[in-house]
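See structure below.
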Amino acid sequence: MKKLRISQFPILNKCCGVLDALDSDLNINTSSEISNLGTARHAVAAELVRATTVNPENEDIYYGGQVNVSGIASKYGVDVDDLWTTFNITKGIIHNSIGTHDGKDLPPLGNFLNPHTLRTEEEVSMNLENFSITGHPDLYSYNTLDGEAVDDFLIKELLIVDWKFGYKKDPTHYQPQLMGYANAIILDLCSRDYRFSQDPKITGMVIFPNEPKSERYSTFPMNFNGIVTWSNDLLNRIKTWDGKTYEVGDHCTYCPNKPNCPAFLKMSQNALAVISDKQIDIAKDGVEFWQKLGLMENMIKDAKKVIKEHLIAGNEIKDADGNILTLAKPKDKINSAEAIQFLRDKNYPDYKILEHVKINKSGILSIAAEDAKDNKQPIGKAKELALQTLKSANIITPAEFGSVKLIKK
Ligand code: SF4
């Protein structure tokens, strides 16, 4: 029986070649520091949601009284301060989402935080011959449309949430994962005699706690029949994969089979050969070449990350000649606001200080957005207006050339 996780659906949806990794130990690398940190952060979020669900009015939750942050840190061997940061951000999202505060920019979780219907990290599954397919949605809950808990076994609304604590990818990348969870949850609920209304409102939601507030969550409306049809199609593709057809593309970046994949290796070798022979006709083959370079770039980044993790874990990397790889001295971090205040206190003039301060465009626009939010004005319009004003005053001017960008048809 091959073990497959629903969290692998985003890649599987593009290429069944990832099934090769199920036969090796490539995707069972659960001991790295990064994956432990991810698991620990999810555990903190799950405990916080559970505690909030039982009694959202209990102030003790919001001071950490109900979540064993230090216990989770020591269980997974991760930095407790990092987990407290996760706790505080997650707490802000949940607390502000339950309707007691201004939650306009926040995921609408409030109606779903019901102890009778909410599930966190509970296993769901679906059946496929020779495969065991399981997943653990971070959070799901169901409700009637008017926000009351289901008590008549008729579900009109279902919400499925996934926390993403790592680098933010394009949110649509996660849609197959949410569709897979939705299918497994529907199967589970129907096996327990629940029924769905004719056109239930089913929503998938990805929350990115570490992103700026305005980009913190994305939702995907889903259709009941669409979920079932799509899932059956994917399961059929998995079942009938011929074991030799691979689809190389952007998704390879996150594929656990990448180090072992013949198609990815061939693509990398071809791209390298083209670079070294300088035999490329840029006008004709430039798009394809550009995409391959992007994939190789990601592969190199991943490989460098593995080396860095090895060093961070205290291991030595050395060749027979005595050359070594080591960690360079970490860069100093600067608290900009306090640094500026320090320089002002020393009576340095602002024009001198500002020569060394960088402000980026998204920073300025997020100040405009926060101001608009405080004054209950439309955020998009405020950002647009700020941008226009800055451009017409020549405060923001275009660089001579932009970077290379791929526009897909
Ligand atoms: S590396 Fe790319 S082509 Fe190879 S199995 Fe993974 S997704 Fe498929």
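The values are calculated or read from the model by the stated rules, or taken from the named source; none is laboratory data. If you're wondering where the values come from, they're calculated on a predicted model, not measured in any experiment. A quick note on method: Cβ atoms are made from the backbone with ideal geometry, for glycine too, and the neighbour counts reach across all protein chains shown.
Couple of notes before you dig in:
- Pairs with Cβ under 8 Å, 6+ apart, first in region 322-341 and closer than 18 Å to Lys304 by Cβ, second assigned to a helix (DSSP H, G or I): Leu325/Ile307; Leu325/Leu311; Thr326/Leu311; Leu327/Lys308; Leu327/Leu311; Leu327/Ile312
- Scanning region 333-358 for residues that are modelled with pLDDT of 90 or more and in a loop (DSSP other than H, G, I, E, B), we see that the one that is surrounded by the fewest Cβ atoms within 10 Å (Cβ to Cβ) is Asn347.
- Unique residue being in contact (Cβ under 8 Å) with a residue 60 or more places away in the chain and surrounded by fewer than 14 Cβ atoms within 10 Å (Cβ to Cβ) when the list is Thr229, Thr245, Thr219: Thr245
- Test for Gln377: is it modelled with pLDDT under 90, of a type in the set (S, T, N, Q) and over 28 Å from Glu288 (Cα atoms): yes
Results for (1) at pLDDT below 85; (2) touching a strand residue (DSSP E or B) at 6+ places or on another chain (Cβ under 6 Å), shown as yes or no for each residue.
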| position | (1), (2) |
| --- | --- |
| Arg41 | no, no |
| Ala45 | no, yes |
| His101 | yes, no |
| Pro107 | yes, yes |
| Asn114 | yes, no |
| His136 | no, no |
| Ser141 | no, yes |
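- Some residue of region 382-390 being on the phi < 0 side of the Ramachandran plot, of a type in the set (Gly, Ala, Ser) and without any contact (Cβ under 8 Å) to a residue 12 or more places away in the chain: no
- Enumeration of residues in region 241-269 that are near the ligand (Cβ under 8 Å from one of its atoms) and charged (D, E, K, R): Glu247, Lys258
- Selection of first residues in region 249-264 that are touching a residue at least 60 places away in the same chain (Cβ under 8 Å) and aromatic (Phe, Trp, Tyr) and of second residues that are more than 6 Å from the ligand (Cβ to nearest atom) and not in a helix (DSSP H, G or I), restricted to Cβ pairs under 9 Å at least 6 apart or on distinct chains, gives the following pairs, ordered by first then second residue: Tyr254/Lys169.
- Check on Gly204, over 22 Å from Gly17 (Cα atoms), surrounded by fewer than 17 Cβ atoms within 10 Å (Cβ to Cβ) and modelled with pLDDT of 85 or more: no
- Whether a residue is away from the ligand (no atom under 16 Å from the Cβ) and part of a helix (DSSP H, G or I) was assessed, and Lys292 does not pass this test.
- Residue match in region 238-245 (condition: modelled with pLDDT of 90 or more and within 19 Å of Asp302 (Cβ to Cβ)): no
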